[in-house]
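Colleague: Dropping a structure here in structure tokens format, bear with me for questions.
The values are calculated or read from the model by the stated rules, or taken from the named source; none is laboratory data. Everything numeric in this text was worked out from a predicted model, so none of it was measured. Cβ: placed from backbone, ideal geometry, glycine included. Neighbour counts: every protein chain shown. Just so you know, the surface numbers come from the protein's heavy atoms only, side chains and all, with ligands and any DNA or RNA stripped out. Shrake-Rupley method; radii C 1.70, N 1.55, O 1.52, S 1.80 Å.
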Amino acid sequence: MTIKQVNNDKNNFLERMVSDCNTASFLIHLRLSFKKLNPGKMWNISMRMISFLLLNTFLICIPKKSSAQDAIVDELKKVATRKVEKPKFDSGEVWKTSVIFNLNVGQGSQSNWAAGGDAFSFSIGSYLGLMGLYKNDRYSWENTLDLNYGMVNTTSLGTRKNDDRIDLLSKIGYQLQPKLNLTGLFNFHSQFSKGYNYISKNEKELLSDFMSPGYFLLSIGLDYKPTEGLSIFLSPVTARWTIVNDDSLAAKGAYGVDSSEHVKRSFGAFATISYVKDITKTIKYDGRVDLFSNYEHNPQNVDIMFKNRFTGKFSKFLAVSIGLDLIYDDDIRLFGPENNSPALQLKSILAVGLTLKF
């Protein structure tokens, strides 16, 4: 074999080596080429070729590997320095709460006043309204608690209460349509302290006390909300419990309970309509009417409780409020000439005083 042939074989071998940079391929190609060489010249040629090939392999293959490693390092740097954005979760959970507190105080006095009147009078009235609304997707939970208490003291009549109310309303709803909910409703109302019918200055008759009466109502129905602030709830399936805890009132069968019994259960239909409206920027109306018909006893005699409240704000902390409540309950037979007939109950309050809203 001539030197030219050996050089050609060497060049072909180098091209194959450079293309794959693989040690195994290098040894295979080297062995195949050596088979064609004269054994006498094999050693010298082999040593020169091996030295040359090792040098070229180092210069060609190593940079390629280094370049690949650099690319990997660059990618790792990008991943390490990449800004991680925290996922945003929209749970749809919303809590809305509000607290309203009103305090009204009045005082009057006179001495040697020809027109006459009490020498001293003092009145105080308070109102606390709590509201909590929870909404999560189709589910909602509405809660309102209204607490009223007021007293008046005069020289001639002494101290008497003129306002007393506890009213809790809770509704849990599932949205069937954008304006229609399937709703379960719970209502409780009573009063804080004893109330009397003042027959004379020294004679009075007990009419009520805490949980005498007390009303618990459970109902399931549809709650329709055609516009903001208006809710119309209707239910044909309602249970109501009337509780008279005071023994003397229970003995007289007051508030529809059987004589000497403390609890009366009624089953019937129930409806409640509530409406809250900002009439102007400073005047607000809040009203609710409850209707209950007892399937088991005189269903045509519908019990009515109608509450109205107007509030006007003169400043951040000063407001005037007008309240008008109407109640008719066929089971409350404390009125009339014989004190055994039902009647329309009416209460109105006009007050000016401090108001706080949170």
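Colleague: Inside the range 178-231, can you point out the residues that are out of contact with any strand residue (DSSP E or B) (no Cβ under 8 Å at 6 or more places or on another chain) and of a type in the set (S, T, N, Q)?
Modeller: Ser200, Asn202, Thr227
Colleague: Would you pick out the residues in the range 91-134 that are more than 21 Å from Asp163 (Cβ to Cβ), of a type in the set (Phe, Trp, Tyr) and either at pLDDT 90 or above or assigned to a strand (DSSP E or B) (or both)?
Modeller: Once the filter is applied, which keeps residues that are more than 21 Å from Asp163 (Cβ to Cβ), of a type in the set (Phe, Trp, Tyr) and either at pLDDT 90 or above or assigned to a strand (DSSP E or B) (or both), the range 91-134 yields Trp95, Tyr134.
Colleague: Tell me which of these Gly132 doesn't satisfy, since it passes every other one: (1) under 30 Å from Ser260 (Cβ atoms); (2) surrounded by 15 or more Cβ atoms within 10 Å (Cβ to Cβ).
Modeller: It is condition (1) that Gly132 fails.
Colleague: Sticking with this one: May I ask you to list pairs of residues, at least six apart or on different chains, whose Cβ atoms are under 7 Å apart, with the first in the range 237-252 being over 21 Å from Gly184 (Cβ atoms) and the second being among the acidic types (Asp, Glu)?
Modeller: Here the result reads Asp246/Asp209; Ala250/Glu261, each pair linking the range 237-252 to a residue that is among the acidic types (Asp, Glu).
Listed here are the residues, each with its yes/no results for (1) over 24 Å from Gln345 (Cβ atoms); (2) modelled with pLDDT of 95 or more.
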residue	(1), (2)
Ile166	no, yes
Leu169	no, yes
Gly173	yes, yes
Phe192	no, yes
Asn197	no, no
Ser200	no, no
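Colleague: Right, something else. Could you tell me which residue of the range 177-218 is most open to solvent (accessible area, probe 1.4 Å), considering only residues that are in contact (Cβ under 8 Å) with a residue 40 or more places away in the chain and aromatic (Phe, Trp, Tyr)?
Modeller: Ranking the candidates gives Phe192 first.
Colleague: Looking only at the range 165-206, which residues are under 22 Å from Leu217 (Cα atoms) and either over 26 Å from the mean Cα position of the chain (by Cα) or in a loop (DSSP other than H, G, I, E, B) (or both)?
Modeller: Gln191, Phe192, Ser193
Colleague: Same structure again: Looking only at the range 116-161, count every residue that is over 41 Å from the mean Cα position of the chain (by Cα) and of a type in the set (D, E, K, R) and tell me the total.
Modeller: 1
Colleague: Could you check how many residues of the range 305-323 are free of Cβ contacts under 8 Å to residues at least 40 places away in the same chain and open to solvent by 70 Å² or more (accessible area, probe 1.4 Å)?
Modeller: Here the count works out to 7.
Colleague: Here is a follow-up. Out of (1) under 29 Å from Val99 (Cα atoms); (2) open to solvent by less than 60 Å² (accessible area, probe 1.4 Å), what's the single condition that is false for Val257?
Modeller: (1) is the only condition that Val257 fails.
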